[in-house]
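Input: a single structure, listed below in structure tokens.
The values are calculated or read from the model by the stated rules, or taken from the named source; none is laboratory data. These numbers come from a predicted model, not from an experiment. Every residue, glycine as well, gets a Cβ built from its backbone with ideal geometry; the counts of neighbours run over all protein chains shown. Ligands, DNA and RNA are stripped out before the accessible areas are found, and what is left, the full protein with its side chains, is counted by its heavy atoms. Shrake-Rupley method; radii C 1.70, N 1.55, O 1.52, S 1.80 Å.
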Amino acid sequence: MLRSVSAPAAPDDVVPTHAAAAAHGRPPLIVLEPLREFLDAQGLGAGELQAEPIGEGHSNVTYLIRRGDGSELVLRRPPRPPLPPSAHDVLREARLLRALWDTPARVPRVLAVGDDDTIIGCPFYVMEKIPGEAIVFSVPEALDTPPERARIAEQLIQALVEIHGVDWRAAGLEGFGKPTGYLERQLRRFGGLWEINKTREIPAVERVAQWLGEHIPESGPATIVHGDYRLGNTMFAPDAPARLEAVLDWEMATIGDPLADLGYLCMMWSEPGDPPGGLREALGRVTRSEGFPTRAELIARYEELSGRSMRELRWYVTLAVWKSVVFMEGNYKRAQAGMTDDPYLVHFGEGVVQLATHAEEVAFGE
């Protein structure tokens, strides 16, 4: 799994031993020697380790692990503390990926799970590396034509419909999430997270929360919900025709209302004429290029393939923006506390306020 964006590395991120980590003022992200012993015991490569951060680095932390024999693996772990309750549960994420492996959902194979905190200081899992490209700021050269851009979007919608079509009970995911009351729980959970995460008062957050609570739509049958479904969280094969190989970053997944995923995808999907700034500008500007469909066309294609009504989609888009406000404020709080070196988060304080304003615009049609 090779991501196109890498988080910056600090000197104390990767250390050889726990003894070496004691010299630093905060816990490391990777401890090489005990990790090598764990991988050896699992039969996952041989030789010394090199660890390189990959991905956007704003949430769970992902590392490319290279071994002396040429093996390449991918490790997922939580970010440094402090963390809100239940956030960044990588063991839960690993359970889901294993359950989905034999379904039509496109996921990477989990190779090992480390639930012993003494290895690198927290739980983690190791998965296969999937060759390809994550499309965030640019499209791979072989796919950078209008017909292939259209196919990228088609693959994205097809993969989402496949996820929502999985029989989650048959996959062994009974108890992974509650199939009823998902939207109400989302409002309670993220309302509570806002109280934990907030670094200042932002009245727009409260106003949007009230609007969401007063206009909750009736959900259809529950499905697996990815929770962070966007183009940048997928892996495409590098050559034409465009082929989505895997959907990544499942830490927010649960059982619930599938339209929450579509609302989030629309929130992150940029199109010509959108105003500058915000998450669409930061993580979705690439879809303004010729060949990518508009949000309305994405919605129509999902409706055609899934058979679900799009009548209340504005509510779901508002929910997605509001949740992003809460989530990004938590990341900003970690950055202010010195628990991440990601410059995108360190300077995102005003971005949170802009997101809250955008949530109001979507909710109230401004």
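Computed quantities for the displayed model
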read-out	value
Region 206-310 - percent relative contact order, Cα under 8 Å, separation 6 or more	22
Relative contact order (percent, whole number), region 92-219, Cα cutoff 8 Å, 6+ residue spacing	20
Peptides ranked, highest mean first, by Cβ atoms within 10 Å: ranges 214-221, 321-328, 264-271	321-328, 264-271, 214-221
Extension reserve of the ALA9-GLU361 stretch, reckoned as 0.36 nm per residue once the Cα distance is removed	123.0 nm
Overall dimensions of region 170-236 as given by Cα atoms, namely Rg and Dmax in Å	15.2, 45
Non-local Lys pairs in the chain, i.e. 8 or more apart or on different chains, that have alpha carbons under 20 Å apart	4
Normalised per residue, the volume of the convex hull around the Cα set of the chain (Å³)	133
Two-site FRET efficiency, GLU214 against GLU303, from Cβ-Cβ distance with R₀ of 25 Å, rounded to 0.05	0.45
Rounded to 10°, Cα long-axis angle of helix 32-42 versus longest principal axis of the chain	80
Pairwise FRET efficiency - MET310 versus GLU206, Cβ, R0 = 45 Å, nearest 0.05	0.95
Modelled FRET efficiency - R0 35 Å, GLU195 with ASP115, Cβ distances, 0.05 increments	0.70
Å² per residue, accessible surface of the chain at 1.4 Å	41
By average C-beta atoms within 10 angstrom, highest first, the peptides 170-183, 123-136	123-136, 170-183
Angle between the chain longest axis and helix 295-306 axis [Cα atoms, degrees, rounded to 10]	80
Selection of GluC sites (Glu not before Pro), region 17-75, meeting DSSP coil and at most 14 other Cβ within 10 Å	GLU48
Relative pair counts by distance (%), Cα atoms of region 128-231, 5 Å bins	2, 8, 13, 14, 14, 13, 14, 13, 7, 0
Rounded tilt (10° steps) of 90-100 against the dominant C-alpha axis of the chain	70
Relative contact order (%) - criterion: Cα under 8 Å, at least six apart; region: the chain	17
Histogram of C-alpha separations across region 170-285, 10 Å bin width, %	11, 32, 39, 15, 3
